Amino acid sequence: HAQSIMYNLVATSRDRYYSAELKERLGSFVAYEDLVLDLERMRRWHPLNQSLYLGYKIHLAGLLITQKGDRVAMANSVEARYPFLDEDVIAFASRLHPRWKLHGLRGDKYLLRQAAARLLPEAVAQRKKAMFRAPLAETFLVKPPSFVRDLISPDSLARTGYFDAAAIARDSAALTSGDGKLGTFASLGLGGVIATQLWHHLYLGGGLCELPQIEHQRVGEAPSAQPPSSLAVA
C-alpha cells in the first residue's frame with residue numbers, strides 16, 4: 001500500500017550506498033518484520049486506514065513526536081501538547097470513512113479542511129501540504145563544513161564499514177563542486193549516510209571528525225577501555 005511503497009522508494013538508496021559487507025550481513029532481513037502488527041485485523045481495513053495505522057506504528061512515537069516534537073520543545077523549556085493526538089480525536093478519526101479523509105490525490109485532509117474553512121481564510125484552510133522530511137544532501141555538501149568532510153572521508157568510512165566509499169566520494173564530489181545534482185531519493189540517502197556517520201562518531205567511540213563524542217557510562221560500571229567494534233575489520 002501507499003506507506004510501504006513510499007518508504008521503499010526512499011530505501012532504494014541502500015543499494016547505492018551500503019557497503020558489500022553490510023549488504024551481506026543484512027541478507028534477507030526486512031525491518032518491517034520486527035513490527036508487532038495484528039495483520040489479520042488490518043486485512044479487514046481500507047488500504048488508506050492500513051497506511052495511516054502503519055504510520056502511527058513506525059513514525060509517530062519514535063520520530064515525529066520524539067525527535068521533531070518533544071526534544072525540540074523540551075530543549076527550549078516548552079512542554080508541548082498536540083491537539084490532533086488527543087485520544088478522543090484519534091478515536092473519532094479512526095471511525096471516519098476514508099472518503100472523509102482523502103478525495104483523490106489532491107484532496108488530502110478533506111474533513112479537516114472543510115472544518116477549517118469555516119474559521120480561517122481560504123488560503124490557510126486550502127494551503128498545499130508540504131512534505132516533512134529530512135534535509136537533502138545538498139544542505140550539507142554544497143559548502144560542507146570540515147566535520148562533514150571528515151565524516152565521509154575514505155578513512156572514516158573504512159572505520160565504520162557501513163557504506164561504499166567509492167559511491168560516497170563520487171556523489172559528494174559532484175555536489176561539492178556544484179556540477180551535479182542527485183535525485184531526491186539518492187540525496188535523502190546521502191544525507192542519511194552523513195547522519196549515520198555522525199551517530200557512530202558521537203555514540204560509538206568517536207575518531208571520525210573533530211566534534212566531541214558523547215561518553216555513556218552506567219552507574220557502577222567501570223569506563224570501557226575500548227569503544228564498541230564497528231563493521232570494519234581492524
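The values are calculated or read from the model by the stated rules, or taken from the named source; none is laboratory data. Note that this is a predicted model, so its numbers are computed, not measured. Every residue, glycine among them, receives a Cβ derived from its backbone with ideal geometry; neighbour counts consider all protein chains shown. The area values use the complete protein model at the heavy-atom level, side chains included, leaving out ligands, DNA and RNA. Shrake-Rupley method; radii C 1.70, N 1.55, O 1.52, S 1.80 Å.
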(message) Using protein chains only and a probe of 1.4 angstrom, how many square angstrom of residue 200 are accessible, to the nearest 10?
(response) 10
(request) Excluding residue 188 itself, calculate the net charge of residues whose Cβ lies under 15 Å from the Cβ of residue 188, where each Lys or Arg counts +1 and each Asp or Glu counts -1. (result) +1
(request) Compute the Kirkwood hydrodynamic radius of segment 67-126, taking the inverse of the mean of 1/r over all pairs of distinct Cα atoms, and give it in Å to one decimal. (result) 13.7
(message) For a quick check: with amide H placed at 1.01 Å from N, whose amide H comes under 5 Å from residue 108's, ignoring anything fewer than 5 positions away on the same chain?
(response) 103
(message) Give me the net charge for the shell around residue 14: Cβ to Cβ below 15 angstrom, other residues only, Lys and Arg +1, Asp and Glu -1.
(response) -2
(message) Please compute one quarter of the surface area of the Cα convex hull for segment 58-197 and express it in square nanometres.
(response) 12.4
(message) Per DSSP helix of 4 or more residues, -39500 (n - 2.57); summed, then divided by the residues of the chain. What does that give at 222 nm, rounded to the nearest 500?
(response) -12500 deg cm²/dmol
(request) Considering the convex hull of the alpha carbon atoms of segment 1-138, report its projected area averaged over all viewing directions, in nm², one decimal. (result) 12.1
(request) Within the set of other residues whose C-beta is less than 15 Å from the C-beta of residue 28, count the net charge using Lys and Arg as +1 and Asp and Glu as -1. (result) -1
(request) Express the carbon and sulfur contribution to the solvent-accessible surface of the chain as a percent, rounded to the nearest whole number, probe 1.4 angstrom. (result) 58
(message) Given N residues in the chain, what is its alpha carbon radius of gyration divided by 2.2 N^0.38 Å?
(response) 1.24
(message) With a cap of 13 neighbouring Cβ atoms within 10 Å, and only residues DSSP puts in a loop, list the chymotrypsin sites (Phe, Trp or Tyr not before Pro) found in segment 19-95.
(response) 29
(request) Positive end of the charge dipole of the chain (Lys, Arg +1 and Asp, Glu -1 on Cβ, about the Cα centre): tell me which of 32, 124, 55 has its Cα farthest that way. (result) 124
(message) For segment 29-96, place one equal point scatterer on every Cα, skip the solvent, and apply the Debye formula. What is log10 of I(q)/I(0) at q = 0.11, 0.15, 0.21, 0.23 Å⁻¹?
(response) -0.36, -0.64, -1.01, -1.10
(request) Determine ³J(HN,Hα), in whole Hz, for all residues of segment 104-118 in sequence, where each value follows from phi through the Karplus function 6.51 cos²θ - 1.76 cosθ + 1.60 and θ = phi - 60°; x replaces Gly and Pro. (result) x, 6, 10, x, 6, 6, 4, 5, 4, 5, 5, 5, 5, 4, 6
